[in-house]
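Readers should treat all values here as calculations from the given coordinates under stated rules, not as data from a laboratory. Worth saying up front: this structure is predicted, and the values here are computed from it rather than measured. Please note: Cβ atoms are built from the backbone with ideal geometry, for glycine as well, and neighbour counts cover all protein chains shown.
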């Protein structure tokens with residue numbers, strides 16, 4: 001299977017790509033861009049069957065790509081082996097682990113169920129799917145894995161502690177996979193935005209925070225364009241926009257104590273919670 005074209009760019013046209021969390025937000029925009037611009041085929045996964053099928057219809061109406069849908073709750077026990085089994089008979093060239101959860105508020109035992117769900121979806125499922133599909137790509141001799149993390153993977157994120165810890169774990173895990181497979185014909189990348197303007201922002205109670213820091217947020221369309229452009233170049237780490245890149249550099253050089261104090265001030269829950277009611 002041909003991985004790169006003559007210009008050393010990852011070739012996506014006609015390649016089947018599996019995207020989790022594809023019913024809305026970044027996942028939906030990735031599906032539309034991969035099909036409409038890159039002419040890739042798609043396997044779209046989400047628990048929201050109605051919205052998932054709506055995304056598939058929109059892809060089919062705006063492109064000539066083939067689309068398969070898998071309705072599956074990724075918080076379900078053993079969902080990763082189940083998903084791998086359900087697509088066993090399909091050709092899969094790439095995996096995009098996009099599905100995720102967050103929570104904005106004080107880190108307390110009262111929110112244990114929500115925090116457990118974040119650990120499961122944002123870390124455990126990503127690890128399991130990455131390993132299952134990596135084995136498959138190794139057998140077929142080519143493929144790619146892209147895991148969506150966050151700039152919060154590189155700094156403490158008070159009031160989103162479990163989310164930040166999960167994204168940090170995925171970032172480190174993916175970098176290790178990259179190091180172990182860097183001489184194989186498999187691209188392994190992460191996408192680390194500061195924030196994306198999606199429904200998850202309102203659902204988690206981050207609307208006012210986003211309004212105060214809109215300079216660092218990107219739209220799902222902008223994020224999808226950046227992801228695909230970076231992926232085609234085989235980038236190990238993809239960060240959208242100049243502001244986000246500057247924030248990444250700043251976090252890399254600031255002393256840890258100053259960084260913790262700064263992020264605690266930025267994310268201080270009392271500043272924003274009057275307007276938002278976090279779910280969970």
Quiz prompt | FRET efficiency, 1/(1 + (r/R0)^6) with R0 41 Å, evaluated for residue 53 and residue 139 via beta carbons | solution = 0.85
Exercise. Relative to the longest principal axis of the C-alpha atoms of the chain, give the angle of the C-alpha long axis of helix 25-36, reported between 0 and 90° and rounded to the nearest 10°.
Key: 30 degrees
Exercise. Sort 77, 28, 271 so that the residue with the fewest other Cβ atoms within 10 Å of its own Cβ comes first and the one with the most comes last.
Key: 77, 271, 28
Quiz item: Taking a spot 7 Å from the Cα of residue 132 along the direction of its beta carbon, which residues of region 57-79 have an amide N less than 16 Å from it?
Solution: 69-79
Quiz item: So how far apart, in nm, are the two label points at residue 233 and residue 271 if each is 7 Å from Cα heading toward Cβ?
Solution: 3.1 nm
Quiz prompt | Principal semi-axes in Å for the chain [√(5λ), Cα gyration tensor, largest first] | solution = 30, 21, 18
Exercise. Report the FRET efficiency, 1/(1 + (r/R0)^6), for residue 39 and residue 258, where r is their Cβ-Cβ distance and R0 is 41 Å, rounded to 0.05.
Key: 0.30
Exercise. Any chance you could give the angle, 0 to 90 degrees and rounded to 10, that helix 242-253 forms with the longest Cα principal axis of the chain?
Key: 70 degrees
Quiz prompt | Footprinting exposure proxy for 33, 256, 229 (fewest neighbouring C-beta atoms within 10 Å first) | solution = 256, 229, 33
Exercise. Please report 139, 57 as a ranked list, fewest other C-beta atoms within 10 angstrom at the top and most at the bottom.
Key: 139, 57
Quiz item: Relative to the first principal axis of the alpha-carbon coordinates of the chain, what is the inclination of helix 256-267, with its axis defined by its Cα atoms, in degrees from 0 to 90 and to the nearest 10?
Solution: 90 degrees
Quiz prompt | For region 23-76: rounded, prolate or oblate by the Cα gyration tensor [a/c cutoff 1.5] | solution = prolate
Quiz item: Which distance in nm do the two modelled labels at residue 243 and residue 175 give, with both placed 7 Å along the Cα-to-Cβ direction?
Solution: 2.5 nm
